[in-house]
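The values are calculated or read from the model by the stated rules, or taken from the named source; none is laboratory data. Keep in mind that what you see is a predicted model, and the values were worked out from it rather than measured. Positions of Cβ are generated from backbone atoms using ideal geometry, with glycine treated the same way; all protein chains shown enter the neighbour counts. For the accessible areas, the whole protein counts, side chains as well, though only heavy atoms, and no ligand, DNA or RNA atoms are used. Shrake-Rupley method; radii C 1.70, N 1.55, O 1.52, S 1.80 Å.
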Amino acid sequence: MLATYRSYHGATAGSITATGDPRRWPNEPGMPGIVHFWGPYPYRSAFHARTEAEECERALQHLRDVIAFEGPSTIAALILETVVGTNGILVPPDGYLAGVREICDEHGIVWIADEVMAGFGRCGEWFAVDRWDVTPDLICFAKGVNSGYVPIGGVVISAAIAETFERRVFPGGLTYSGHPLACASAVASIRIFEEEGILENVRKVSDTVVAPRLAELAERHPSVGEVRGLGFFWALELVRDRGTREPLVPFNASGEAAGPMNEFAGACKEQGLWPFVHFNRTHVVPPCTTTADEMAEGLDMLDRALEVADRFTA
Ligand SMILES: Cc1ncc(COP(=O)(O)O)c(C=O)c1O
């Protein structure tokens, strides 16, 4: 199975081995047979690409090369976060997911889209893949499907894969599989998404408040190297120097080495804003019900906290 670096897929044995970040390290050796490759990341391109189109083309060629050397017939599946979450809100360049679909079809590889974070409104769509009009073979979902009221996660299964279970029973079971209360909460939540226009809210507030306001913060604060995202799913990458793109703190920093990010987070919390901070990034990922006024209030706090990060720039 192929998975990308800069990914998180969960904490059970298989999914932590698929994970492409330091959370996997203490779990190694994990499930055998998982190989990691680089996905697209234009701001810190593994392929020395200068444009999104170049990044897309080179990332797809890299994937083809990995498949060729691993042996296409040995690969059952490829798992991707449609938009990478914890590891940086990495939005795939246009054409990347269509290219992945094509490569998977060519080699009979099942494409699993992990939309545990990106799905159910986060990207302004029911499923993030809808944004690029592509269809994976499996879609994993959880979190947003019921706004987290009770634990539930699931997998959307394509007709072709579902059909195998008509002939062959899936030999697994869990105490709480298909729990009626959890499923009812998901159905109720989906109805509310429709009734209250949640996807429309995400798109509107994203376009009118989040995108323009974050672009403006990026322009004004020297610590902001890049702002990227879509819907209610955004990252600010903080740097010491915009020219060199040196991260504000090193990769996987903790303790004293993470000082500047901790000070930034402290400045958010003092104002009543609870930030998500990961390595040298902070993410803007509020509830999908957030109004334009609430969003503006939160971004004002972020603006003030970024002044603390600015102090660490060259
Ligand atoms: C992208 C992604 N995939 C998978 C998971 C794991 O989901 P669960 O905790 O429901 O197993 C998470 C959880 O944080 C996630 O963010």
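Applying the condition of being within 18 Å of SER177 (Cβ to Cβ) and more than 11 Å from the ligand (Cβ to nearest atom) to segment 141-154 and asking which residue is least open to solvent (accessible area, probe 1.4 Å) yields ASN146. Taking (1) away from the ligand (no atom under 14 Å from the Cβ); (2) among the acidic types (Asp, Glu); (3) closer than 19 Å to ARG6 by Cα in turn, GLU166 satisfies each apart from (3). What are the residues in segment 1-20 that are within 11 Å of the ligand (Cβ to nearest atom) and out of contact with any strand residue (DSSP E or B) (no Cβ under 8 Å at 6 or more places or on another chain), if any? Passing the criteria: GLY10, ALA11, THR12, GLY14, SER15, ILE16. Would you mind stating whether THR313 is among the hydroxyl-bearing types (Ser, Thr, Tyr), in contact with a Leu (Cβ under 9 Å, 6 or more places away or on another chain) and crowded, with 19+ Cβ neighbours inside 10 Å? In short, no. Of all the listed residues (ASP137, ASP114), the sole one being open to solvent by less than 60 Å² (accessible area, probe 1.4 Å), in contact (Cβ under 8 Å) with a residue 12 or more places away in the chain, away from the ligand (no atom under 15 Å from the Cβ) and among the charged types (D, E, K, R) is ASP137.
Pairs linking a residue in segment 76-94 that is in contact (Cβ under 8 Å) with a residue 24 or more places away in the chain to a residue that is of a type in the set (Asp, Glu) and assigned to a loop (DSSP other than H, G, I, E, B), with Cβ atoms under 6 Å and 6 or more positions apart or on different chains, are THR82/GLU115; ASN87/ASP21.
Test of understanding: among PHE170, PHE193, which residue is among the aromatic types (Phe, Trp, Tyr) and either within 23 Å of ALA18 (Cα to Cα) or assigned to a loop (DSSP other than H, G, I, E, B) (or both)? I'd like the intermediate steps shown before the answer.
On the way: PHE193 fails: either within 23 Å of ALA18 (Cα to Cα) or assigned to a loop (DSSP other than H, G, I, E, B) (or both).
Result of the check over PHE170, PHE193: PHE170.
Of all the listed residues (SER158, SER177, SER185), the sole one being of a type in the set (S, T, N, Q), within 16 Å of the ligand (Cβ to nearest atom) and surrounded by fewer than 19 Cβ atoms within 10 Å (Cβ to Cβ) is SER177.
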